[in-house]
Amino acid sequence: MVKLGKWIGGGLGWAFGGPIGALLGFFIGSFLDTATISTKSLKVGGGTQRGDFMLTFLILSAAVMKADRVVKKSELEFVKRFLRSNFSEAETKDALIVLKELLEKDIPLDDVCMQVRRNMSNPLKLQILHYLFGISAADGIVHKDEITIIEQIAIKIGLTQHEYKSVMSMFVQETDSAYEILGIDKSASDDEIKKAYRSMAIKHHPDKVAKMGEDIENAAKKKFQTINDAYNKIKKERGIK
């Protein structure tokens, strides 16, 4: 029996209801029936909580992993590493059972994304997008079908095309990737580049997701460093002081 009481230790807010709650209703029902957890301990209500982020991560991960119709070992290992950095080995095992079930279900992507769009903050949406590209790139190749579904997710959860392309460029390297990461065109002026960097630095600052836990904050720091690296590359190319 999956004991999700400990696994959702961070509490649940908005994710307990709607399509996300419906997808996990079987598991929640199981541990409620066995008295592993009470409805009071779910901490339902309030803004996005750690449990909301984790459940959203698992559901959207399943959607991306199934996009090319092949669930790869490298993708599962990526998810395992992420879970192990958050939970004990036993709790990770339980979470992977949930993921396995999700991989066998049809994900109501439009409904799930609408729930995320309405309830999750922009910095957390960006972090979710970063994780999804991380899963796709786990085998060294970002498959076109995975890119397609990640772009759909980005749009459906309310991210702009610039935000999507910025995160994508961190994983899909092209000639102008550094500019794409900053969300600008190569023809931008030096002042526009500086302004774009300041805007991205504010939008992606790790402090904006710090409340979700050290591991998520550390992942955000890596994303933030990628933005800094892109800016430094452009500065070096242009001789910007």
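The values are calculated or read from the model by the stated rules, or taken from the named source; none is laboratory data. Model, not experiment: these values are computed from the prediction. Here the Cβ is made from the backbone with ideal geometry for all residues, glycine too, and neighbour counts use every protein chain on show.
Does segment 153-164 contain any residue that is in contact with a Ser or Thr (Cβ under 8 Å, 6 or more places away or on another chain) and under 20 Å from residue 68 (Cα atoms)? Checking segment 153-164: not a single residue is in contact with a Ser or Thr (Cβ under 8 Å, 6 or more places away or on another chain) and under 20 Å from residue 68 (Cα atoms). A single member of 222, 241, 236 is among the charged types (D, E, K, R) and closer than 21 Å to residue 164 by Cα, and it is 222. On the stretch given as segment 123-152, residues that are out of contact with any Ser or Thr (no Cβ under 8 Å at 6 or more places or on another chain) and hydrophobic (A, V, I, L, M, F, W, C) total 6.
Condition check: modelled with pLDDT of 55 or more, crowded, with 17+ Cβ neighbours inside 10 Å and either of a type in the set (Lys, Arg) or in the same structural domain as residue 117 (by TED's automatic domain parsing) (or both). Does residue 31 satisfy that?
Values: modelled with pLDDT of 55 or more: no; crowded, with 17+ Cβ neighbours inside 10 Å: yes; either of a type in the set (Lys, Arg) or in the same structural domain as residue 117 (by TED's automatic domain parsing) (or both): yes.
So residue 31 fails the test.
Of the candidates 181, 157, 150, the single residue that is surrounded by 21 or more Cβ atoms within 10 Å (Cβ to Cβ), over 23 Å from residue 117 (Cβ atoms) and within 18 Å of the chain's Cα centre (by Cα) is 181.
Residue count for segment 212-241 under the criterion of being free of Cβ contacts under 8 Å to residues at least 24 places away in the same chain and under 18 Å from residue 122 (Cβ atoms): the result is 3. In this structure, residue 209 does not qualify as modelled with pLDDT of 90 or more and crowded, with 21+ Cβ neighbours inside 10 Å.
Evaluate the following for residue 95: is it hydrophobic (A, V, I, L, M, F, W, C), in a helix (DSSP H, G or I), more than 15 Å from the chain's Cα centre (by Cα) and crowded, with 22+ Cβ neighbours inside 10 Å? So residue 95 passes the test. Confirm whether residue 140 is surrounded by fewer than 22 Cβ atoms within 10 Å (Cβ to Cβ), at pLDDT 90 or above and either under 13 Å from the mean Cα position of the chain (by Cα) or in the same structural domain as residue 74 (by TED's automatic domain parsing) (or both). Against the criterion (surrounded by fewer than 22 Cβ atoms within 10 Å (Cβ to Cβ), at pLDDT 90 or above and either under 13 Å from the mean Cα position of the chain (by Cα) or in the same structural domain as residue 74 (by TED's automatic domain parsing) (or both)), residue 140 does not qualify.
Somewhere in segment 189-208, is a residue assigned to a helix (DSSP H, G or I), in contact with a Cys (Cβ under 6 Å, 6 or more places away or on another chain) and of a type in the set (D, E, K, R)? Working first, answer last.
From segment 189-208, those assigned to a helix (DSSP H, G or I) are 190-203, 206-208; that's our starting set.
The next check asks that each one be in contact with a Cys (Cβ under 6 Å, 6 or more places away or on another chain); those that pass are none.
Scanning segment 189-208, I find no residue that is assigned to a helix (DSSP H, G or I), in contact with a Cys (Cβ under 6 Å, 6 or more places away or on another chain) and of a type in the set (D, E, K, R), so the answer is no.
Report the residue count in segment 130-160 for those that are without any contact (Cβ under 8 Å) to a residue 24 or more places away in the chain and in contact with a Cys (Cβ under 7 Å, 6 or more places away or on another chain). So the count comes out to 0.
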